[in-house]
1. Using a 1.4 Å probe over the heavy atoms of the protein chains, calculate the carbon and sulfur portion of the accessible area of segment 43-142 as a whole percent.
2. What does the extension gain come out to for E160 and E61, with contour length at 0.36 nm per residue minus their alpha carbon separation?
3. Considering only M144, V118, T133, whose Cα is most displaced toward the positive end of the charge dipole of segment 110-159, charges sitting on Cβ of Lys, Arg (+1) and Asp, Glu (-1)?
4. R44 to E88: extension gain in nm, 0.36 nm per residue of separation minus the Cα-Cα distance?
5. About the Cα centre of segment 21-76, how large is the charge dipole given +1 on each Lys and Arg Cβ and -1 on each Asp and Glu Cβ? Please answer in debye to the nearest 20.
6. Which semi-axes, in whole Å and largest first, does the equivalent ellipsoid of segment 1-87 have when worked out from the alpha carbon gyration tensor as the square roots of 5 times its eigenvalues?
7. Which semi-axis lengths, in whole Å and largest first, follow from the square roots of five times the eigenvalues of the Cα gyration tensor of segment 28-176?
8. Under unit Cβ charges (Lys, Arg +1; Asp, Glu -1), what dipole magnitude, rounded to 20 debye, does segment 10-157 have relative to its Cα centre?
Amino acid sequence: MAKTGIIPRQVPEIRAELVQWLTDPDDFGGPAIWSKGFDPQTARQERQAAGDWAVALQAAELFYVSAEVTRMAVSAGMALPSYRLHPEDLPATHGLLVWEEPATDSLEGGEHIGAPIVGISWAMRGGGVQFRTWCHREDWIRHMAKGEPRAGLRDLSPEEIRILRRTQPQAIVCMSRGFLPFGQVPGWLSSMPADTSTMSVVELEDHSRSATHQEQAERALVVTWLLMGQSLSREEDVQAPRSSAKFIARINPNLLTAVRYVQLRHRTVLGREHGDGSGRGYRHRWIVRGHWRNDYYPSRKAHRPIWIDQHIKGPDGAPILDPEKLVNLLRH
């Protein structure tokens with residue numbers, strides 16, 4: 001999967017530009033663009049939403065998720081069991097998260113379904129999380145410029161494409177909005193069994209393909225949050241360049257100029273387990289595919305899913321049952 005083209009040090013400036021655009025009262029500012037083409041009541045709501053998200057983004061903590069963690073979140077999202085989100089699962093009450101690789105594809109089954117989603121902003125409100133999904137501007141322009149003959153839509157002219165770039169000057173563009181409630185199973189999880197360990201990879205992939213574009217992004221977001229709460233990930237602060245920090249200070253001196261870079265900890269491929277606790281020893285090693293496990297949290301008095309990534313189990317030096325799977329694991 002291709003990289004988004006965004007690097008960690010750019011995220012603080014991207015946030016500052018979004019805040020500036022969403023508060024711009026000009027005809028090409030965020031409130032006017034978000035409300036354009038709607039009926040008067042919806043237009044008022046969109047103008048208000050632009051102001052609300054400008055405030056939320058000012059308060060947002062910034063996150064940049066490495067390609068390795070992104071791939072793990074997308075893969076684990078296919079197998080995500082039925083789960084009720086809790087406020088403590090979120091790394092911050094307000095946030096803007098950018099994935100190094102898109103969390104969704106742009107094409108699915110031959111149908112054009114939109115630009116790949118590369119980021120999500122969120123704010124805790126009203127018993128849950130309100131969020132907006134974001135795509136890379138150039139991906140969005142390519143998507144918008146390409147007509148759809150079956151729907152009677154023609155390709156955009158070069159002048160119309162220039163207008164799009166003028167109305168969307170920032171690096172990322174809003175694709176959709178949504179809401180994740182606390183304490184309830186999202187509708188897209190209700191069709192999944194509570195235990196996915198018996199489902200084959202093909203079954204999980206089929207389920208993922210049947211998901212909507214936004215559902216895939218929501219799954220990736222929830223799983224990214226859960227992974228960030230596990231020891232298999234680590235974070236480090238990355239500062240914006242000095243020139244960007246000066247630019248951000250001119251927009252709003254109160255905006256932070258650091259982003260939390262979420263990466264995968266170094267993984268040990270070979271396991272050291274020699275038995276199953278029953279006194280029986282193993283003479284081979286085998287591949288355990290990635291799966292979710294419910295761990296009990298006494299502070300919550302409830303279980304929380306923990307992702308166990310693909311790994312090798314069995315005694316060191318023993319022959320591997322399926323060498324081809326070992327090659328794939330080492331490549332991963």
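1. Ligands and nucleic acids excluded, carbon and sulfur give 48 percent.
2. 32.1 nm
3. Going by the Cα projections, it comes out as T133.
4. 12.5 nm
5. In debye, rounded to 20, segment 21-76 gives about 140.
6. 31, 19, 13
7. Sorted largest first and rounded, they come to 28, 22, 15 Å.
8. Dipole size: approximately 360 debye.
The values are calculated or read from the model by the stated rules, or taken from the named source; none is laboratory data. Note that this is a predicted model, so its numbers are computed, not measured. A quick note on method: Cβ atoms are made from the backbone with ideal geometry, for glycine too, and the neighbour counts reach across all protein chains shown. Accessible surface areas use protein heavy atoms only, side chains included; no ligands, DNA or RNA. Shrake-Rupley method; radii C 1.70, N 1.55, O 1.52, S 1.80 Å.
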